[in-house]
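Input: a single structure, listed below in structure tokens.
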Amino acid sequence: MTAADAGLYGVASADDSGAAFEEYLTRLDLSGMWVASNVGGGVIGMVGLLLGGQVEPLVVTAASRGEGIGRALLEHVADQARRRGIRQLSISPSARNLDAIRCLHAAGYDALARVTLAIDLSPGGSAFEDGIDLYDLRFRA
């Protein structure tokens, strides 16, 4: 997950993904976590659900993308949310992750609920590239 983000933004990834995942699992607002595995029992995807209806994270291994794993995980988390009485789900993919945005849109996540804007304050450069138009305004991603 951290390597994928590092690739999207062209930054070095820290080798703390295990510690970050352990910390994630201790969140008090975590309602559930589910994994997808292959025939050999290896984990090829996972999805989490926070109490407020936020889907986080949704991850599928690079080798398993395009096989419907993400869609199956999204359907499962939606079913689990319904069972818990959650009436709306939201997910916040990186604006630069076009593959994820397309996958989510195809799975029914087609309503813009919130837009998060950022400004790069680092000296001499920008982590963002030319991006998208929204409401006739140009944004970097």
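Calculated on the alpha-carbon coordinates, the convex hull of the stretch 42-141 measures out at 141 cubic angstrom per residue. Taking a ≥ b ≥ c as the square roots of the eigenvalues of the Cα gyration tensor, the stretch 67-125 is prolate, since a/c reaches 1.5 or more and a/b is larger than b/c. Measuring nothing but how far apart in sequence close Cα pairs (under 8 Å, 6+ apart) lie, relative to its length, the stretch 28-77 scores a relative contact order of 32 percent.
The peptide list 114-122, 39-47, 26-34, put in order of mean Cβ contacts within 10 Å with the highest first, becomes 39-47, 26-34, 114-122.
Shape verdict for the stretch 20-101, please, from the Cα gyration tensor: rounded (a/c under 1.5), prolate (a/b greater than b/c) or oblate. Verdict is rounded for the stretch 20-101.
Each reported figure results from applying straightforward, stated rules to the coordinates on display, with no laboratory input. Note that the coordinates shown come from a computational prediction; the quantities given were computed from them, not determined experimentally. Note: ideal-geometry Cβ built from the backbone for every residue, glycine included; neighbour counts use all protein chains shown.
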